[in-house]
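Asks: The structure is given below, and queries will be raised subsequently.
Since every read-out is calculated from the coordinates, none of them should be taken as a lab result. Just so you know, these numbers come straight off a predicted model, no measurement behind them. Cβ: placed from backbone, ideal geometry, glycine included. Neighbour counts: every protein chain shown.
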Amino acid sequence: MTLIRASLSFLLAACLVAFPFAAFWFSSFEHPYWLFAAAVALSILRFATAGRVATDLLVPQLVFYLGVMAMAFLAAKDQAYLLHPFAMSGSFALIFGISLSKEQSLIETFARLREPDLPASGVVFTRKLTRIWFVFLILNSIVAAITALFAPIEVWVFYNGILFYCLSGVLMVSDFLYRGIFAARA
């Protein structure tokens, strides 16, 4: 990945992480359609600049995301941007789920970039970890939808802008620590 592409990818990811806070700040504007447009544009750019590891999964992910966002816009133009976290999480759950039906799970694909000769125990572990992320993302999608449809904007921002990232971080750190302990025993 070139430095420019990596920088752009990082910038887009940072903008998407900051999106709930921007949405909160600008949600009081009348007809905040541009929030919807910004979320979709940033997401499309993010998908386009993502790594090329599992390119066969990019199309279903993008179709899911754009389909959800289009339906949200048709149903509630002024509030459609609130479904962005649901659409993103759901699109990632979709690709994790699709990869579970394949011989090589998504996390195994990433693991093989670092360790091409992944042992059988690593294959089993990465499949289990893919399942964990799949369930986590499904549950997050449900909560993100509930906060978008039924919660005040403050609750939506807290969950989608803070708590989700903290929970994701806990899952990532737990994986890292588990692998460290597991690798030390092997």
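Asks: What ranking do 69, 88, 172 get, fewest neighbouring Cβ atoms within 10 angstrom at the top?
Replies: The fewest-first ordering by Cβ neighbours comes to 172, 69, 88.
Asks: Report the relative contact order of region 3-185, percent, no decimals, based on alpha-carbon pairs under 8 angstrom and at least 6 residues apart.
Replies: 22 percent
Asks: Which whole-Hz ³J(HN,Hα) couplings does region 158-174 yield from phi under the Karplus relation 6.51 cos²θ - 1.76 cosθ + 1.60, θ = phi - 60°, glycine and proline marked x?
Replies: Taking θ as phi minus 60°, the curve returns 4, 5, 7, x, 10, 4, 4, 5, 5, 5, 4, x, 4, 5, 5, 5, 4 Hz for region 158-174.
Asks: May I pose another question? Within region 136-156, name every residue whose backbone N is under 12 Å away from a label modeled 7 Å from Cα of residue 174 along the Cβ vector.
Replies: Residues passing the 12 Å test: 136-137.
Asks: Which of 3, 149, 58 comes first, and how do the rest follow, when ranked by fewest Cβ neighbours within 10 Å?
Replies: Least to most surrounded, the residues fall as 3, 149, 58.
Asks: Let me spell out the model: positive unit charges on the Cβ of Lys and Arg, negative unit charges on the Cβ of Asp and Glu, origin at the Cα centre of region 3-185. What dipole size does that give, in debye rounded to 20?
Replies: Here the size comes out at about 460 debye.
Asks: Starting with the fewest neighbours, write out 117, 78 ranked by other beta-carbon atoms found within 10 Å of each beta-carbon.
Replies: The order, fewest Cβ neighbours first, is 117, 78.
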